[in-house]
Amino acid sequence: MRNKNSAFGVKDYMLRYARDLADSGRYADWRAIEAPLQERYGEEQSDRFLNDASIRGELDQRCQFAAHAGNTRHPIRH
């Protein structure tokens, strides 16, 4: 079982949280998601997580899909 405090466990939690933010429709792209991630997981850990181009690309796609799907109950943050 993955532990929230293990390195792999934290990445899983971060990915789940980042996907939830992207799917909310409130964020324009991965850069807008960066601040809430840093607030929750710290700047260093968030920077390492977002250093992965595939994660950034997935988050950008999710943000765009959510915005076009009409999930924007709140203004999009840049």
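The values are calculated or read from the model by the stated rules, or taken from the named source; none is laboratory data. None of these values were measured; they are calculated from a predicted model. Here the Cβ positions follow ideal geometry from the backbone for every residue, glycine too, while neighbour counts run over all protein chains shown.
Conditions tested, residue by residue: (1) within 11 Å of the chain's Cα centre (by Cα); (2) touching a residue at least 24 places away in the same chain (Cβ under 8 Å); (3) on the phi > 0 side of the Ramachandran plot; (4) part of a helix (DSSP H, G or I).
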site: Pro36; (1), (2), (3), (4): yes, no, no, yes
site: Glu44; (1), (2), (3), (4): no, no, no, yes
site: Ile55; (1), (2), (3), (4): yes, yes, no, yes
site: Asp60; (1), (2), (3), (4): yes, yes, no, yes
site: Ala66; (1), (2), (3), (4): no, yes, no, yes
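Given the criteria in a helix (DSSP H, G or I) and at pLDDT below 95, does Ala18 qualify? No. Restricting to segment 1-15, what's the tally of residues that are assigned to a helix (DSSP H, G or I), among the basic types (Lys, Arg) and at pLDDT below 90? Number of matching residues: 0.
Whenever a residue of segment 15-30 is farther than 12 Å from Asp60 by Cβ, its partners that are part of a helix (DSSP H, G or I) and modelled with pLDDT under 95, lying with C-beta atoms within less than 7 angstrom and at least six residues away or across chains, give the pairs Asp23/Ala66; Ser24/Ala66; Gly25/Ala66; Gly25/Ala67.
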